[in-house]
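To keep things clear, I will list the structure first and then write my remarks on it.
What follows is calculated from the coordinates using simple rules that are stated; it is not laboratory data. Everything numeric in this text was worked out from a predicted model, so none of it was measured. Every residue, glycine among them, receives a Cβ derived from its backbone with ideal geometry; neighbour counts consider all protein chains shown.
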Amino acid sequence: MSYSLCQSVLSLQDGTFYRGWSFFDLSNCTGEIVFNTGMTGYQEIISDPSYSGQMVVFTYPEIGNTGLNENDIESNFIHVKALVAKNISSLSSNWRSKVSLKDYILQKRIPHIFGLDTRSITRHLRAFGVMSSLLCSADVFAQLLSCNRMDLNSLDLIRKITVRNKYIMFDKTFDNLNLVSSFYINPSNEFYTLYQYKIVVLDFGLKFNILRHLLSFGCDIYILPATCTYDDILKCEPDAIVLSNGPGNPLLADYAINIVQKLVNFSNVPIFGICMGHQILNLSFGANTSKLKFGHRGLNHPSGFNNYSEITSQNHGFVVEGNDSFNINLSKFVMFKYFNLNDLTIAATFHQSAPFFSVQYHPEASPGPHDSQYLFEVFMKLINLVKLPK
């Protein structure tokens, strides 16, 4: 297998371009370029469905030092369009490592570029916002300048990547998901549910770590497509529902918003929304969403209120809009609990009279942080309360 380097070019929609290197001769690819400020977690990022259609700039100067292992994948597919890094390590050193990032890129033919100034790209995106981009070999760069760029705002990415058919995971599959090495999932095993609950997970771009957490509490999980019907959900007789993370513009998933609206209006089943699920749930309440200039992507976003803050993992380009978008009746029963303390956008909402809540960040975050992991236990306690004999 050849390890020769090829000259490559990353061209942004506004005409800015950067020259770098790739491990193989690239065919042209397009996507929305975003940046992630995490110092680790590149394996999770590569396999995270929320990055579908996006080229990810890693602000940390070198990635690949710890290789890739069998435990930390978040889905069965590679979802990023391309990797953009200052340097990709040729060697990996970690007791769990099975393959180096360099070899994995070569095996899977993942579009990538390195050897460029990622600080400059990040500063540019902060100033002008995320935008479409083109990645190609230097030889064909001039010919492709006029090609069509991808516009993720108009693509229904949820429908593209959601599971096609329902599948079920039982408590006994806990060990099969490599949870033995997941040290932070329900580590004390002190919390017990009243029953073995059935949880329906609507897959908007599901991360495996959400399933790992639910299985750690002894739940049976029914994973349904985002395009399922209200009756499909009722047939599962769920004790609770999780709305998963996912990519793209939530307003395009009107089918999902309509289903969740029915669940909110006609059931008393607890609902927990995460990231995209947070946006879908709030849209079903009557809120609105808008796109951020350059999004929130990283492992160190403070979220809280007043003198309280949790450090959270975030990965999203859209947010639920604030009080101005809520009518008077809506603000009476929906409470904004936490805010992103960097820009004061909404980070969590709670229904004041029904068992529905959601967060814009990732309590299941792998590799971390784990400040908000307690929310899964809160969810279980909420189910317990609803299930108590009246």
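D by Stokes-Einstein for region 157-387, Kirkwood Rh over Cα pairs, 10 °C, 1.306 mPa s: 90 µm²/s.
Placing +1 on each Lys and Arg Cβ and -1 on each Asp and Glu Cβ, with no other charges, gives region 6-153 a dipole about its Cα centre of roughly 240 debye. Which angle from 0 to 90°, rounded to the nearest 10, does the C-alpha axis of helix 118-128 make with the longest principal axis of the chain? Taking Cα atoms only, the helix is inclined about 60 degrees. The P(r) of the chain has a tail past 27 Å containing 49 percent of all C-alpha pairs. Any idea what log10 I(q)/I(0) is at q = 0.15, 0.16 Å⁻¹ for region 6-153, Debye with uniform C-alpha scatterers and no solvent? Rounded to two decimals, the profile gives -0.71, -0.81.
Computed from label points 7 Å out along Cα-Cβ, the spacing between residue 291 and residue 254 is 1.9 nm. Neighbour counts of other Cβ atoms within 10 Å put 109, 212 in the fewest-to-most order 109, 212. Farthest toward the positive end of the dipole of the chain, out of 71, 124, 372, is the Cα of 124, where the dipole comes from beta carbon charges about the Cα centre. Spin-label model, residue 308/residue 351: points 7 Å from Cα along the beta carbon direction are separated by 2.2 nm.
Shape class for region 293-388, computed from the alpha carbon gyration tensor (a ≥ b ≥ c): oblate, with a/c not under 1.5 and a/b at or below b/c. Between the Cα long axis of helix 375-387 and the first principal axis of the chain there is an angle of about 30°, rounded to the nearest 10.
Considering only beta bridges that DSSP places wholly inside the chain, some 60 percent are antiparallel. Shown for 266, 305, 356, 24: other C-beta atoms within 10 Å of each C-beta, ranked fewest to most, produce the order 266, 305, 24, 356.
From the helices alone, meaning DSSP H stretches of at least four residues, give me the mean residue ellipticity at 222 nm for the chain, per-run term -39500 (n - 2.57), in deg cm²/dmol to the nearest 500. About -6500 deg cm²/dmol. Here region 6-153 carries DSSP beta bridges of which approximately 60% are antiparallel, counting only pairs with both residues inside.
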